[in-house]
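Asker: A single structure is presented below for examination.
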Amino acid sequence: MYASREDIGYDFGDDSKAGSKPIKPNPNIDGGWAWMIVLSSFLVHILIMGSQMALGILNMEWLEEFNQSRGLTAWVSSLSMGITLIVGPFIGLFISMCGCRTTAIIGGILNALGWILSAYASNVHYLFLTFGVTAGIGSGMVYLPAVVMVGQYFQNRRALAQGLSTTGTGFGAFLMTALLKYLCTEFGWRNAMFIQGAISLNLCVCGALMRPLSPKELREKYVVRNDSEENRAKALSHSTETIKSNGVLGEEPEKKEEAANEEVLGSVQHTEIGGKSGSGRSMYGLRLFKTVSQLTITVRKGFALWYSSYFGAASLFTNRVFVAFIIWALFAYSSFVIPFIHLPEIVKQYNLSRQDNVFPLTSIIAIVHIFGKVILGVISDLPCISTWNVFLMANFTLVTCILTLPLMQTYIGLAVVCALIGFSSGYFSLMPVVTEDLVGTKHLANAYGIIICANGISALFGPPFAGWIYDITQKYDFSFYIAGLLYMVGIIFLLIQPCIQKKQSREKSTEEAQV
């Protein structure tokens, strides 16, 4: 399962302490409530990512309603998709301070508000603010916790769990495309957005299901993980020691800070007990002071963890393979988003609307995408298979399909390419697993926040760029070719950096052996 770490040759190593005593496995890790977390994440993907993949329906309505250029109108969908992902690093700060549950519930309210306010749009620029920004931020506040919680609750079947939860994107794209088509036909696009806003309030219920693991349960997970990776940890001991010397794994400052915080709260509690005979007003003041102190400590600890992940000695950017992963993410996501936004228009251009109405190409991508995520997740969980290699193979297949799609001008040809796009894009379920392998569970929220932020930038500029190219050339061909070539550049970075990392590790080992 963890062959990918060995292939990558780098471990950020947050699991610095392995217990020598055998610990009884927690029933909630890889089982029990963990499957409720998968269900919650699955529903989040349906309501957020599925809805965004169906925005091509609303995009056509907005083109007719506001009579603006395709490039400008595409910015509405791009802002919503992009901001959902771009706010990832800042949502990581919210998670560090408030936890996944609170963050997700607040995000559900914001997302629903964005959909409802968009129903009253008078122009495209109004939609930029209500749908692009408001609904986008709300989506981001629910999406990141949904991914992080699955990573926290699963150890041995992470790829499968992430695959099952993220299949919600495919189900959602299929269901939401049909739902929005029906609502727009029957009630108009404004009422359709209002109804979708009401449906989005269910995100608050999904957030409420995200019960946090206790510190004890998290420690048990780390110990189990260390025991299962003992041999690999020995192989990577030099890297770990180097990181420790730089302060990455040092926990002494955290312990000292925690001790100081406990001392402050203890003194407040002692004062509260000693002052029971005092007046009610002073007791109320003490309780208020204690609450404020606890809140301040929580905020400080959360901000310290978030800040150290980005700017401190433990910065994620010291991991070169992770930096290459970010560069890949900057180019990758637009290649997947562009077909969803512009396929309805391409079908219309090729006079294939009759066949597409029977079985939409976007629905083909969505349905096969479901199977791709589950199958790739199951394959990656096999002991003899490297998650990293599966991830790379899926990327190569997807970029080939993106470059091939403009050559297909028949419904059958487009359907085959769309099916391959749907299957190969199932690698999305492996992204949290690869990220966790690179940086560890402790830094997963902040690290994955950076990755989806890079994806968000890609999604933000991809569809408007394709629309702008169409406005100039009256063809979408060049949009797919350029997006595919940029995507290939990102894949090359993923291939080169791990090789360099492994070569440097071997050279260091040789030098030490000679000494």
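The values are calculated or read from the model by the stated rules, or taken from the named source; none is laboratory data. Model, not experiment: these values are computed from the prediction. Cβ: placed from backbone, ideal geometry, glycine included. Neighbour counts: every protein chain shown. SASA here: full protein model, heavy atoms, side chains in, ligands and nucleic acids out. Shrake-Rupley method; radii C 1.70, N 1.55, O 1.52, S 1.80 Å.
Asker: Determine the share of the range 315-507's accessible area contributed by carbon and sulfur atoms, expressed in whole percent, with a 1.4 angstrom probe.
Answerer: Values: 5010 of 6860 Å².
C and S fraction of accessible area: 73 percent.
Asker: Another one. Take every Cα pair under 8 Å in the range 315-507 that's 6+ residues apart, average their separations, divide by the length, and report that relative contact order as a whole percent.
Answerer: This gives 40 percent for the range 315-507.
Asker: Going highest first, how would you order 200-208, 47-55, 104-112, 123-131 by mean Cβ packing within 10 Å? Kindly include the intermediate steps, with their values, before the conclusion.
Answerer: Numbers: 200-208: 20.0, 47-55: 25.8, 104-112: 24.0, 123-131: 18.4.
Listed from highest to lowest mean packing, they are 47-55, 104-112, 200-208, 123-131.
Asker: While we're looking at this one, here's another question. How many Å² of accessible area per residue for the range 315-507, probe 1.4 Å? Write out the running numbers ahead of the final one.
Answerer: On the way: 6860 Å² over 193 residues.
Value for the range 315-507: 36 Å² per residue.
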